[in-house]
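Worksheet for the structure shown next.
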Amino acid sequence: MCPAVLYRRPPGEGLTEFISAFRKAAALDPLGAVLIVPTSRLADDIAHRLTSEGTPIVGDAVTTLAGFARRIFEDDAGDGSAITGAQSRIIIADILAARARDLPLLVRGGMPGSGVVNELATLFEILITRKVDYPAALGDLQSAKSAEIGLVFDTYLRFLDEHALVDENTLLARQLAGRSRIGPVFIYGLYEPVPLERDLILAIRERAPEFHYVIPWTENTAVFTDDGSWIRPDVVDDGGKPPAAEIQGAIRITARGDRVDEVRAVAQEIRDLVAGGVPPCDIAVAFPDLPEAMVYVEEVFPDFGIPYASSRGTALIRSPHVRALLLIIAAPAHGYRREDIVALLNSPYINDGRFPAGAIVDVLSREARITGGRDSWDRGFAALAGRLEAEIALSETPEGARRSHKGTLAALAGVREGLEVLFSDLLPLEGAETVAGHIAAYRSLLDRWGCPVMPDSGGPDLLLREARDRAAFFRALDTLEETARILPERVVTPAGFLSLLSLIVAGTGSGGRRTRNAVQVIGVREAAHLTIPHLFIAGLVEGAMPRLTTRLPLSTDLETWRLGTRSRADILREERYHFTAALLAARERLCLSFPVMDGEAPTTRSGFIDEVGDAAALETPGAESFGASRLLAAAEAGALIASGRFDEAAAIIPPPAVREAALRLNIENYHRRGPCNSPYDGVLSYDPSAVAALTRRFGDGAVYSPTMLETYADCPFRFYLGGVLTLEPLASPDPDLTARERGSLIHRIAHRFYSGWTQDGHGPLTAENHPEALRWILKIGREEVEYVGLRSAAWTVEKEFLLGSPLAGPGLLERFIENELRLATSPLAPWAFEFSFGLSGEDAALIRLHEGSEETILLRGRIDRIDVAPDGVFMITDYKTGRTHRGLADVIAGKALQLPLYIRAVETLTGLTGAAGAYYTLRRDEIQIRPVFWDARRKAHFAVYPATSKSGVEDIHALIDASLARVRDYLRGIQGGRFHPRQDTGPCPAYCGFMTVCRFDALREEGEDGSH
Ligand code: SF4
């Protein structure tokens, strides 16, 4: 055994001399000499330094302890292999799936979740590297949970043994076999190695012909407690008394507004440094939580035009490219859900035109109420086609609607054909298979589709990233395939396969760019012992630095304490070391910063910042200028344009962009403020050509329905979007009956009942014919519900409430007949149902808008029911299945027009006299006909109705004339192009389908002084 020399040095000290000593040893023993350092970044830096100085480096002569262990293992292992962390997770997931019955606490529903797999992997790493005898070490704290964990742990270790595998942790436990030749060993800067690492280091010390060990050390016991005596050194060189560690160069500490602000401030400083001649490679930015910080870095650094390189790369699972590739498996695995199929077809990485466009499939599947399920797609589309064909065949369907339905049918045929091909292509991915079988089917499909489709345009950075993501994804697939070969052959469901592939992808980065001439973005722990001229350490808040998480995964505090791994004090000491070591890496400039807010929550700055002491004064956030940001420059130019400083704005962005921005700002800041009077509010009155076109379209000859006029009365803008621009809100894919469909169903049943009943020669309902009437309506009800074609549980319940059942009691139809029987004593008797005019070739009703005036309107409509009394007066009734109905106040206000307009239309067409307008509520909890207004002079006609005296009207005709006067105003508004958003303050009606595109602001007309 050679003499072992222990050097005690402050972090980063003596590295240059140590590298020189290694260089000399490597010159004598190039294949055996090794330099071991704590991080692969430092190893990479040293190797680069040596080769650029002309020292040839053989293989991984400069490496980490794990890298060295791997090298020794590969030299000695024979048939054994080393596996990656991702492969470990796959093996753990496989054990959980195979032993699911024995693991009820860890595996729910037979499928292990990725969370528990990751937690087990982390726990196993700690148990192995700290040599914990689990679960025995828990003593009397052992439980059913620890027994399950112990079972998985044992099975996992046995699996590795039986297959001659080592993972990243058990690798360290391999004894150095006699065959491996070890040259001079130089170890620098390892901080408090864990027990398994110590064992390996001692084994190396036994075998190495030369052994030099530099331990980071100063007299500060708050940071350094490991003095290296466990190495049993023959010689100790502490350089005299190790000096206190000193931070070099200027230090600044700055508080920033929030995380984005902080990264922007760093980016601006970097731009200033680079502009001042500092090469980007002399700058590094370190974060305690690098993965989280990368989200901000990736947004901000490209905006500031900063070339950067990160060892981590982007999480592969966030790549749109990779998400699209996973969707191919997710579609069959999740049962062809609507959202998966639409996303798949919308993805440019998948659908290059071979399948129908996602947008059209989205619209049509909403209309067909498809939510998922392979078969339900074609069944739903067939039902939709059937409905459209039936509507086309109906004589009363307007010609415009008929044309539109034909267009939809043509699109539907194309979509059905395309989806048939898609589903048949995806068929091989269905069903249980071995992992290898799933991968083969998946690869074959990707080949056939030429997937992923790579974009042929885009910025070079984007194209590079896409290519990197693609390569990383296929590497992950290869890894899964390799791992599957060593796993017992077992069939897994498509969902299980998706879960395994997602597990491996989730633990994979897209691969960092080791571009040297770029700003390095690193984790704080990577900074130790590096030499960085300009170092920024950002994100220094409590919880991130120090991160004092002591509890082990899947363990309570008490269990963690009993396992004796690391105490809070140990973690605090280690965190303090990494912070200190990072500070010592800086040479000319050290900038520490922290965000004051994290979203809405205030943060607490890291206590370590205060320990830097008086070396630097805290700078508080001030007004920042981020001149290097293209986005913020655009925002600044916008502010200048808004205040009329066009020339100054033109110095920032090009003049055409200034013009465009000014136009847009004017829309927002001028036209969309105060009273609604611009074209951007739908007010077209100032455009003569628009007014002329509207007059042609909505003037003489135009036929209106009361619903159109009510829409205009409530919100002219909604009328504009739907009635003028003919936009249609996206249908909801709700699998249950919509309010509109419920209404149509009830209308159809009531109409079929009465028309059939009277045609069959029946008179009014009586106690005698009541049982037959009930049989009649229930038969119609059963036939009608069959046409609905829904399969949801809610629809099953709704059917019971409609038709009745022993459980639900008498249904809505039965109670309707009973109510009709009660009303049969009224002089008003059913006379007509679905009375239509102005539809499909019928003459519209020509209504005079004002007595003595020539102004008229052509009306169309379908009246649910008309009851007529022997004296020739009638009542209009509209069936309602919703909760809210209009009242007399709405009629007087001109908002509810249907009943008065229908009464006037029937009077005009039949010569009868209108006496009332009523709503017939047909709901599960209410069956009742209630006049909204009625002729107070004819009380006897309404004795059986629950009509209140408040709804009695002395002069019905005057009420209708007042409604027509409103209609005249509305017509002028429509023809005159006045389509402003609704004027009511308060919320818009929930049923408005344009809410997502309309920027209605109830307070917009409020002046600066609060006036309207
Ligand atoms: S959201 Fe309101 S203002 Fe906009 S269209 Fe609908 S009802 Fe009119």
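By accessible area of protein heavy atoms, probe 1.4 Å, what ranking do W377, W230 get, highest first? Don't skip to the answer; put the middle values down first.
Numbers: W377 5, W230 40 Å².
Putting W377, W230 in descending order of accessible area: W230, W377.
Each label point is 7 Å from the Cα along the Cα-to-Cβ direction; what then is the distance between the points at L28 and A432, in nm?
6.4 nm
Please state the equivalent ellipsoid semi-axes for region 268-331: what are the square roots of 5 times the Cα gyration tensor eigenvalues, largest first, in whole Å?
Details: eigenvalues 199, 29, 16 Å².
Output for region 268-331: semi-axes of 32, 12, 9 Å.
Which angle from 0 to 90°, rounded to the nearest 10, does the C-alpha axis of helix 956-975 make with the longest principal axis of the chain?
So the inclination is approximately 50 degrees.
Show me the chymotrypsin sites (Phe, Trp or Tyr not before Pro) within region 880-979 that DSSP assigns to loop and that have at most 16 other Cβ atoms within 10 Å of their Cβ. Each step should come with its number before you reach the end.
Numbers: sites: Y902, Y919, Y920, F933, W934, F942, Y970, F979; in loops: F979.
Loop-located and lightly packed - none at all.
For region 543-592 and region 309-356, what is the separation of their Cα centres, given in Å?
38 Å
If you average the sequence gap of Cα pairs under 8 Å that are 6 or more apart and divide by the length of the chain, what percent do you get for the contact order?
Working: 1542 pairs, mean separation 125.4, N = 1012.
With pairs under 8 Å counted, the relative contact order is 12 percent.
Within region 708-738, name every residue whose backbone N is under 14 Å away from a label modeled 7 Å from Cα of A794 along the Cβ vector.
732-738
So what's the net charge close to D378: Lys and Arg +1, Asp and Glu -1, counting the other residues with Cβ under 9 Å from its Cβ?
Working: positive: R374, R379, R416; negative: D375, E420.
Charge balance in the 9 Å sphere: +1.
Can you tell me what share of the DSSP beta bridges in the chain is antiparallel? A percent to the nearest 5 is fine. Intermediate results must be reported in sequence, preceding the final value.
Values: 31 of 88 bridges.
Percent antiparallel among DSSP bridges in the chain is about 35.
Residue separation times 0.36 nm, minus the C-alpha to C-alpha distance between S685 and H957: what's the value?
Working: separation 272, 0.36 × 272 = 97.92 nm, distance 3.31 nm.
Here the answer is 94.6 nm.
Cα extents of region 349-431 along the three principal axes, largest first, in whole Å?
48, 25, 17
Between V932 and residues 5 or more places away or on another chain, which pairs have amide H atoms under 5 Å apart, with H built 1.01 Å from N, and which residues are they?
Those lying under 5 Å, H to H, from V932 are G917, A918, Y919.
Tell me which GluC sites (Glu not before Pro) from region 1-108 have a DSSP coil assignment and no more than 14 other beta carbons within 10 Å of their own. Kindly include the intermediate steps, with their values, before the conclusion.
On the way: sites: E13, E17, E53, E74; in loops: E13, E53.
Those that pass, being in a loop and sparsely packed, are E53.
Could you order Y686, Y7, Y704 so the one with the most accessible surface comes first? Probe is 1.4 Å.
Details: Y686 165, Y7 45, Y704 5 Å².
From most accessible down to least: Y686, Y7, Y704.
With a 1.4 Å probe and every protein chain left in place, tell me how much accessible area Y945 has, in Å² to the nearest 10.
20 Å²
Nearest 10 degrees, 0 to 90: what angle lies between the long axis of helix 320-333 and the longest principal axis of the chain (Cα atoms)?
Relative to the chain, helix 320-333 is tipped by roughly 60 degrees.
Would you mind calculating the gained length between L394 and D610 on full extension (0.36 nm times residue separation, minus the Cα-Cα distance), in nm to one decimal? If you can, show how the numbers build up before the last one.
Details: separation 216, 0.36 × 216 = 77.76 nm, distance 8.10 nm.
Taking 0.36 nm per residue and subtracting the Cα distance, the gain is 69.7 nm.
Take the cross-link list K779/K950; K799/K880; K880/K939; K406/K799; K895/K939; K406/K895 and give me the ones stretching past 28 Å between alpha-carbons. Let's see the in-between values first.
Working: K779/K950 39 Å; K799/K880 18 Å; K880/K939 24 Å; K406/K799 31 Å; K895/K939 26 Å; K406/K895 35 Å.
Beyond 28 Å: K779/K950; K406/K799; K406/K895.
For n ≥ 4 DSSP H runs only, could you compute -39500 (n - 2.57) per run for the chain, divide by its residues and tell me the 222 nm figure to the nearest 500?
Details: 34 runs with 457 residues, N = 1012.
Result for the chain: -14500 deg cm²/dmol, rounded to the nearest 500.
Take the alpha carbon atoms of region 638-714, find their center, do the same for region 29-82, and report the distance between the two centers in whole angstrom.
Comparing the Cα centres of region 638-714 and region 29-82, I get a distance of 68 Å.
Given a 1.4 angstrom probe, I'd like the percentage of the accessible area of the chain that is carbon and sulfur, rounded to a whole number.
Working: 24700 of 46830 Å².
Roughly 53 percent, rounded to a whole number.
Provide the FRET efficiency to the nearest 0.05 for the A635-R822 pair, computing r from the beta carbons and using R0 = 60 Å. Can you show the working numbers first?
On the way: r = 69 Å, r/R0 = 1.15.
Calculated value: 0.30.
Please report how far the C-alpha centroid of region 478-540 lies from that of region 902-933, rounded to the nearest whole angstrom.
Each part reduced to its Cα centre gives a spacing of 70 Å.
For q values of 0.07 Å⁻¹, compute log₁₀ I(q)/I(0) with the Debye formula on a Cα-only model of the chain, without solvent.
With one equal scatterer per Cα and no solvent, log10 I(q)/I(0) is -0.87.
Tell me, what HN-Hα J-couplings in whole Hz come from the Karplus equation 6.51 cos²θ - 1.76 cosθ + 1.60 at θ = phi - 60° for each residue of region 125-133, using x for Gly and Pro?
Karplus values, whole Hz, x for Gly and Pro: 4, 5, 4, 6, 6, 9, 6, 8, 7.
Taking a probe of 1.4 angstrom, what is the accessible area of K799 in Å², to the nearest 10?
60 Å²
Please report Rg (one decimal) and Dmax (integer) in Å for the Cα set of region 520-608.
Every Cα atom of region 520-608 included, Rg and Dmax give 15.3, 46 Å.
What are the ³J(HN,Hα) values, in whole Hz, obtained from phi via the Karplus relation 6.51 cos²θ - 1.76 cosθ + 1.60 with θ = phi - 60°, for each residue of region 866-874 in sequence order, with x given for Gly and Pro?
Rounded to whole hertz, the list is 10, 9, 10, 9, x, 7, x, 9, 9.
Which loop-located GluC sites (Glu not before Pro) does region 525-593 contain, where loop means any DSSP state but H, G, I, E or B and the Cβ has at most 12 other Cβ atoms within 10 Å? Before the final figure, lay out the partial values.
Values: sites: E526, E542, E559, E574, E575, E588; in loops: E542.
Sites meeting the loop and neighbour criteria: none at all.
Any chance you could give the angle, 0 to 90 degrees and rounded to 10, that helix 290-303 forms with the longest Cα principal axis of the chain?
For helix 290-303, the angle is close to 70 degrees.
Find how much the distance from D734 to T225 grows on full extension, using 0.36 nm per residue of separation minus their present alpha carbon separation; answer in nm with one decimal. The partial results should precede the final answer.
On the way: separation 509, 0.36 × 509 = 183.24 nm, distance 6.43 nm.
Contour length minus Cα-Cα distance gives 176.8 nm.
Suppose R0 equals 22 Å; then what is the FRET efficiency for D154 and T556 from their Cβ-Cβ distance, rounded to the nearest 0.05? Walk me through the intermediate numbers first.
Details: r = 21 Å, r/R0 = 0.98.
With a Förster radius of 22 Å, E is 0.55.
Just the accessible area per residue of the chain, please: how many Å² with a 1.4 Å probe? Don't jump to the answer; show the numbers that get you there.
Values: 46830 Å² over 1012 residues.
Value returned for the chain: 46 Å² of accessible area per residue.
Using a simple spin-label model with points 7 Å from Cα along the Cα→Cβ vector, what separation in nm is obtained for A203 and D760?
9.2 nm
At a probe size of 1.4 Å, how large is the accessible area of D60, to the nearest 10 Å²?
We get 60 Å² for D60.
Please arrange M875, M454, M708 by accessible surface area, largest first, computed with a 1.4 Å probe and ligands excluded. Please report the intermediate quantities before stating the final value.
Numbers: M875 0, M454 70, M708 45 Å².
Largest accessible area first, the list is M454, M708, M875.
Using the Kirkwood radius over Cα pairs, work out the Stokes-Einstein diffusion coefficient for region 621-709 at 4 °C and 1.567 mPa s, in µm²/s as a whole number.
78 µm²/s
The values are calculated or read from the model by the stated rules, or taken from the named source; none is laboratory data. Please read all numbers here as calculations on a predicted model, not as lab measurements. Here Cβ is always computed from backbone atoms with ideal geometry, including for glycine, and neighbour counts include all displayed protein chains. The protein model used for the area step is the full one, side chains on, heavy atoms only, and it has no ligands, DNA or RNA in it. Shrake-Rupley method; radii C 1.70, N 1.55, O 1.52, S 1.80 Å.
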